[in-house]
Amino acid sequence: MGTTSSRKQPPWYEQIGRTLGSLFVLGIVVVVIAVIITWFTPEADQLARQHHVSKDKVIIQPQPHGCDFDDAPLGNKHCHYQKSVDVERTCPGPNCEATGVYVSWRKVEE
């Protein structure tokens, strides 16, 4: 006397719903991983990839100090440093090949 399983197959729309739900979760995981990788990529690598130059053609000046609250004398200095990215190109147009990327800092009084 064999027992037969009376388990029913779920309807087709439930199977499609589970598959779409799984694909959605997988897509969210892929996006989160991509954001994390981009977040931890060094700035020089990001600029090199963005402007299609080698990493050794990207020059980044260190960010200056002097406007931070805890720099002497203590308190608000009413200033900050703004990053400036300059791209050197082979010709004056925006569609020309980049030959170098320079990052400098400019003091902005508030």
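The values are calculated or read from the model by the stated rules, or taken from the named source; none is laboratory data. Predicted model only: the values in this text are computed from it and were never measured. Quick reminder, even Gly has a Cβ in these numbers, built from the backbone with ideal geometry, and neighbours come from all protein chains shown.
Tell me whether region 65-81 contains one or more residues that are aromatic (Phe, Trp, Tyr) and exposed (fewer than 10 other Cβ atoms within 10 Å of the Cβ).
yes
Quick check: is even one residue across region 64-87 of a type in the set (A, V, I, L, M, F, W, C), in a strand (DSSP E or B) and closer than 15 Å to Arg106 by Cβ?
yes
Within the bounds of region 36-58, is there any residue that is of a type in the set (Phe, Trp, Tyr), free of Cβ contacts under 8 Å to residues at least 12 places away in the same chain and assigned to a loop (DSSP other than H, G, I, E, B)?
no
Residue-by-condition table, conditions (1) of a type in the set (S, T, N, Q); (2) farther than 28 Å from Ala34 by Cβ; (3) touching a helix residue (DSSP H, G or I) at 6+ places or on another chain (Cβ under 7 Å); (4) modelled with pLDDT of 90 or more:
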{"site": "Gln46", "(1), (2), (3), (4)": "yes, no, no, yes"}
{"site": "His51", "(1), (2), (3), (4)": "no, no, no, yes"}
{"site": "Asp56", "(1), (2), (3), (4)": "no, no, no, yes"}
{"site": "His65", "(1), (2), (3), (4)": "no, yes, no, no"}
{"site": "Cys96", "(1), (2), (3), (4)": "no, yes, no, no"}
{"site": "Val101", "(1), (2), (3), (4)": "no, no, yes, yes"}
